[in-house]
Amino acid sequence: MLQALPGFRDFYPGDCARRNHVVETWRSVSRRYGFAEFDGPVLESADLYRKKNEEGAEILEQLYSFTDRGGREVALRPEMTPTLARMVAAREKHYRKPMKWFCVSNFFRHERQQKGRLREFLQFNADIIGESSPQADAEILALAIDLVRAFGFTAEHFVVRLSDRKAWMDFLQSRGCDEAACRLALACADKLEREPEDKLNAKLAPTGLSVSDLKSFIAAGSPEAFGPVLEALAARGLSGFVEPDLSIVRGLAYYTGVVFEIFDRSKNLRALAGGGRYDGLVKGLSDGSADLPAIGFGMGDVVLGHLIDETPAAAEKLRAALASHLDVFVVVADESCRAEALGLVQSFREVGLSADFPLKPAKVGKQFQEAEHLGARHAAIVGQEWPQVKLKHLATRSEETLDHAALAPKLKSQKS
Ligand code: HAM
């Protein structure tokens with residue numbers, strides 16, 4: 001039987017409900033922080049990704065790229081940041097600064113199959129453009145923390161590991177690395193936790209550095225640059241979620257300052273989210289026609305989903321949020337009253353209540369089973385007593401008889 005391609009997902013109704021819940025949670029927290037939603041195209045010119053990345057960069061190796069029917073080299077977007085920088089550069093004069101923008105979109109990377117990594121995934125992005133102060137860094141970090149907390153996680157479950165690309169560049173340049181050597185050393189630093197030491201030492205050879213040099217730099221601790229960011233997070237009561245950790249360097253080339261990744265505390269999973277400051281990307285992609293500092297991050301739905309499933313409190317919170325809430329099921333107790341029952345269903349739906357009913361004749365007992373299965377709060381029983389209708393509250397089993405015209409207003413007022 002034909003199946004979805006490896007790394008791509010089908011979303012059956014339950015999966016869709018879960019995805020919608022995740023997306024709505026991301027949206028509501030972002031709006032609380034005053035971010036506006038935007039989006040861009042799924043297909044971009046492949047040059048958008050080639051321009052700021054060296055040949056061989058991981059993101060290029062993973063690109064779904066092809067030549068379209070017009071002979072253009074195009075790619076499915078692997079991330080949002082280059083699209084955002086392109087859009088901002090084109091219209092920045094239309095917007096007051098700082099711009100606080102978010103999006104929730106699907107992305108495509110030809111990844112090696114592993115837990116937490118798929119080939120199509122949903123990613124939330126939030127970015128602040130046009131502000132270089134540590135206050136913007138702290139605002140982005142606070143949003144990232146609150147997004148994770150919104151799913152029921154606490155500081156026991158996750159941690160933001162905070163680092164600084166600039167501190168890394170200063171260190172590498174002080175050790176005589178030119179631009180290419182810096183890139184190589186950063187790529188190796190990014191793999192310290194994932195690749196064997198001898199393999200990394202061999203890769204590092206052209207830089208004149210070794211794994212132990214990188215490890216000593218990391219062990220030396222927290223750069224002064226973190227001071228104002230950490231203070232701004234402490235003022236919000238969020239210090240407990242952040243740990244300075246220079247072992248974070250980030251795989252993408254465009255970062256220039258503060259960088260961070262969010263991990264589960266038990267270290268079982270890949271990063272939940274990652275981002276940082278990229279003050280040169282808008283300028284680089286627009287050939288200097290716009291020049292704006294920026295900071296942001298991306299959070300995917302895949303690792304987040306694993307962490308929810310593995311954390312009982314978060315899994316319970318999700319189950320409660322997804323519990324079906326049908327307002328009323330109309331039981332057709334007498335088929336000769338089907339037209340009246342349809343009118344009643346319509347009256348519920350017109351006032352904004354969710355209502356369902358059996359599409360074909362069924363025994364009353366079966367209809368009640370269906371109402372329970374759908375998680376209905378009430379059953380309205382339409383039969384010979386019409387225009388009187390019996391309304392049953394399914395959780396308490398209490399019931400009352402009302403005129404059919406009174407039902408929709410009554411249930412509506414109870415709900416609001
Ligand atoms: P990234 O670290 O490549 O950053 O991705 C951010 C998050 O997206 C990851 O931590 C992970 O949750 C999710 N993610 C990435 N690749 C996959 C995959 N193949 N399968 C499932 N989830 C995945 C960026 O994309 C940057 N553009 C973020 C950013 C925004 N930086 C500044 N602004």
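The values are calculated or read from the model by the stated rules, or taken from the named source; none is laboratory data. Everything numeric in this text was worked out from a predicted model, so none of it was measured. With ideal geometry, Cβ positions are generated from the backbone for all residues, glycine too; neighbour counts draw on all protein chains shown. Calculation scope for accessible area: heavy atoms of the full protein, side chains included, ligands and nucleic acids excluded. Shrake-Rupley method; radii C 1.70, N 1.55, O 1.52, S 1.80 Å.
Just to be sure I understand, how many residues within the range 214-232 are open to solvent by 40 Å² or more (accessible area, probe 1.4 Å) and part of a helix (DSSP H, G or I)?
Taking the range 214-232 first, the residues open to solvent by 40 Å² or more (accessible area, probe 1.4 Å) are 215-216, 219-220, 222, 224-225, 228, 230-231.
Now restrict to residues that are part of a helix (DSSP H, G or I): 215-216, 219, 228, 230-231.
Residues that pass the stated criteria total 6.
Residues to consider are E156, E179; find the one that is farther than 15 Å from I248 by Cα, under 32 Å from the mean Cα position of the chain (by Cα) and open to solvent by 80 Å² or more (accessible area, probe 1.4 Å).
Details: E179 fails: under 32 Å from the mean Cα position of the chain (by Cα).
Exactly one residue qualifies, and that residue is E156.
Looking at (1) away from the ligand (no atom under 11 Å from the Cβ); (2) under 20 Å from the mean Cα position of the chain (by Cα); (3) open to solvent by 60 Å² or more (accessible area, probe 1.4 Å), which one does K115 not meet, given that it meets all the others?
(1) is the only condition that K115 fails.
Would you mind stating whether E340 is in contact with a Pro (Cβ under 8 Å, 6 or more places away or on another chain) and either free of Cβ contacts under 8 Å to residues at least 60 places away in the same chain or open to solvent by 60 Å² or more (accessible area, probe 1.4 Å) (or both)?
When the stated conditions are applied, E340 passes them.
Residue-wise test of (1) part of a loop (DSSP other than H, G, I, E, B); (2) within 16 Å of the ligand (Cβ to nearest atom); (3) in the same structural domain as R149 (by TED's automatic domain parsing).
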| position | (1), (2), (3) |
| --- | --- |
| H21 | no, no, yes |
| S28 | no, no, yes |
| G40 | yes, yes, yes |
| Y49 | no, yes, yes |
| M87 | no, yes, yes |
| R96 | yes, no, yes |
| N106 | no, yes, yes |
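Out of all the residues in the range 143-153, is one or more within 23 Å of K97 (Cα to Cα) and open to solvent by less than 20 Å² (accessible area, probe 1.4 Å)?
yes
Condition first: more than 25 Å from the chain's Cα centre (by Cα) and either of a type in the set (G, A, S) or within 16 Å of the ligand (Cβ to nearest atom) (or both). Can you find one or more residues in the range 326-336 that meet it? Don't jump to the end; show me each part of the working.
At the first step, the residues of the range 326-336 found to be more than 25 Å from the chain's Cα centre (by Cα) are 326-336.
Okay, now just the ones that are also either of a type in the set (G, A, S) or within 16 Å of the ligand (Cβ to nearest atom) (or both), so 333, 336.
Yes, the range 326-336 contains at least one residue that is more than 25 Å from the chain's Cα centre (by Cα) and either of a type in the set (G, A, S) or within 16 Å of the ligand (Cβ to nearest atom) (or both).
Residues checked against (1) open to solvent by less than 50 Å² (accessible area, probe 1.4 Å); (2) in contact with a helix residue (DSSP H, G or I) (Cβ under 7 Å, 6 or more places away or on another chain); (3) more than 13 Å from V331 (Cα to Cα):
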position: K363; (1), (2), (3): no, no, no
position: E370; (1), (2), (3): no, no, no
position: A379; (1), (2), (3): yes, yes, no
position: V389; (1), (2), (3): yes, yes, no
position: R397; (1), (2), (3): no, no, yes
position: D403; (1), (2), (3): no, no, yes
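Checking the conditions here, which among G251, G276, G300, G305 is closer than 16 Å to R165 by Cβ, surrounded by 17 or more Cβ atoms within 10 Å (Cβ to Cβ) and within 16 Å of the ligand (Cβ to nearest atom)? So that I can check it myself, show each step before the final result.
Values: G251 fails: surrounded by 17 or more Cβ atoms within 10 Å (Cβ to Cβ); G300 fails: closer than 16 Å to R165 by Cβ; G305 fails: closer than 16 Å to R165 by Cβ.
One residue alone meets the criteria, G276.
Between I248, I218, which is without any contact (Cβ under 8 Å) to a residue 60 or more places away in the chain and closer than 17 Å to M169 by Cβ? Reasoning before the result, please.
Working: I248 fails: without any contact (Cβ under 8 Å) to a residue 60 or more places away in the chain.
Matching residue, one of I248, I218: I218.
Which number in (1) modelled with pLDDT of 95 or more; (2) of a type in the set (D, E); (3) open to solvent by 50 Å² or more (accessible area, probe 1.4 Å) marks the one condition that E44 misses?
So E44 meets the others, but not (3).
Among the candidates A314, A294, single out the residue that is surrounded by 19 or more Cβ atoms within 10 Å (Cβ to Cβ), out of contact with any helix residue (DSSP H, G or I) (no Cβ under 6 Å at 6 or more places or on another chain) and at pLDDT 95 or above. I'd like the intermediate steps shown before the answer.
Working: A314 fails: out of contact with any helix residue (DSSP H, G or I) (no Cβ under 6 Å at 6 or more places or on another chain).
Answer to the selection: A294.
For D287, work out the one condition from (1) within 17 Å of V160 (Cα to Cα); (2) more than 16 Å from the ligand (Cβ to nearest atom); (3) of a type in the set (D, E) it doesn't fulfil.
For D287, the exception is condition (1).
Looking only at residues in the range 193-207 that are under 21 Å from E54 (Cα atoms) and not basic (K, R), which one is surrounded by the most Cβ atoms within 10 Å (Cβ to Cβ)? Step through it out loud before you land on a result.
Taking the range 193-207 and keeping what is under 21 Å from E54 (Cα atoms), we get 200, 202-207.
Narrowing further to those that are not basic (K, R): 200, 202, 204-207.
Working: L200: 18, A202: 11, L204: 20, A205: 10, P206: 12, T207: 22.
Ranking the qualifying residues of the range 193-207, first place goes to T207.
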